[in-house]
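Read the structure below first, then the notes.
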Amino acid sequence: MIELACSVIEREVDLETLAELPDAQAIAHLQELRGVGRWTAEYVLLRGLGRVHIFPGDDVGARNNLQRWLHRARPLDYERVRRIVTRWDGFGGLVYFHLLLDRLMEAGYLSDGWSSTVGGAVQTATAAFSGRPLAEPGATMTRQQNTK
């Protein structure tokens, strides 16, 4: 990450050019930097370039959260995460953030107001793009409703 930050500051990595590249090319370009692997490259695309369809599948915490959220018995690897996230095509990054916020809420780092505002919106979007209807208009999913 330090080399990435220095490369941006020293203009060795042009963020505008990077933003114009397709995902695979942008990831490959970032991975040329020392210390930047697939997880970091995907995270840069998600957070730095706003590509909300990217779910950083090498993030072990996110994989574990996804496994728990979907009530899967087996651990998930990168390819399995890729297949699962396709159900939310175009919004994998929002699912990623929802899982992160959900864990932060459970750990007591976020207030209920934060959860109901942001988490509720992400849960509603997740339900809409998963093809599963909400219980009622304006309702949000709970872990029990999301059992698939």
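The values are calculated or read from the model by the stated rules, or taken from the named source; none is laboratory data. Bear in mind that the values here come from a model prediction, so they are computed numbers and not experimental data. Note that we place each Cβ from the backbone using ideal geometry, even for glycine, and neighbour counts take in every protein chain shown.
Counting just the residues of region 5-20 that are out of contact with any helix residue (DSSP H, G or I) (no Cβ under 7 Å at 6 or more places or on another chain) and touching a residue at least 24 places away in the same chain (Cβ under 8 Å), which one comes out surrounded by the most Cβ atoms within 10 Å (Cβ to Cβ)? Can you show your working first?
Residues of region 5-20 that are out of contact with any helix residue (DSSP H, G or I) (no Cβ under 7 Å at 6 or more places or on another chain), as a first pass: 5-7, 9-12, 14, 16-17, 19-20.
So of that shortlist, the ones also touching a residue at least 24 places away in the same chain (Cβ under 8 Å) come out as 7, 19.
Values: 7: 17, 19: 13.
Among those residues, the one meeting the criterion is 7.
For residue 80, are the conditions met, namely being at pLDDT 95 or above, within 11 Å of the chain's Cα centre (by Cα) and more than 20 Å from residue 21 (Cβ to Cβ)?
Working: at pLDDT 95 or above: yes; within 11 Å of the chain's Cα centre (by Cα): no; more than 20 Å from residue 21 (Cβ to Cβ): yes.
It is false that residue 80 is at pLDDT 95 or above, within 11 Å of the chain's Cα centre (by Cα) and more than 20 Å from residue 21 (Cβ to Cβ).
Is it the case that residue 36 is of a type outside the set (Ser, Thr, Tyr), within 24 Å of residue 81 (Cα to Cα), in a helix (DSSP H, G or I) and in contact (Cβ under 8 Å) with a residue 24 or more places away in the chain? Step through it out loud before you land on a result.
Details: of a type outside the set (Ser, Thr, Tyr): yes; within 24 Å of residue 81 (Cα to Cα): yes; in a helix (DSSP H, G or I): no; in contact (Cβ under 8 Å) with a residue 24 or more places away in the chain: yes.
Criteria not met by residue 36.
Within region 21-28, can one find any residue that is touching a residue at least 40 places away in the same chain (Cβ under 8 Å) and of a type outside the set (Gly, Ala, Ser)?
Here is the first cut: in region 21-28, the residues touching a residue at least 40 places away in the same chain (Cβ under 8 Å) are none.
No, there is no match, as no residue in region 21-28 is touching a residue at least 40 places away in the same chain (Cβ under 8 Å) and of a type outside the set (Gly, Ala, Ser).
Among the residues of region 42-81, how many are more than 18 Å from residue 25 (Cβ to Cβ), part of a helix (DSSP H, G or I) and not acidic (Asp, Glu)?
14
Given the conditions (1) within 30 Å of residue 14 (Cα to Cα); (2) at pLDDT below 95, and given that residue 42 satisfies all but one, which numbered condition is not satisfied?
The number of the failed condition is (2).
Determine which member of the set 58, 77 is closer than 21 Å to residue 103 by Cα and either among the aliphatic types (A, V, I, L, M) or surrounded by 14 or more Cβ atoms within 10 Å (Cβ to Cβ) (or both).
None of the other options fit; the residue is 58.
Is there any pair linking a residue in region 76-98 that is more than 12 Å from residue 46 (Cα to Cα) to one that is among the charged types (D, E, K, R), with Cβ under 7 Å and at least six apart or on different chains, and which?
Pairs that qualify, where the first residue is more than 12 Å from residue 46 (Cα to Cα) and the partner is among the charged types (D, E, K, R), are 76/63; 78/58; 81/63.
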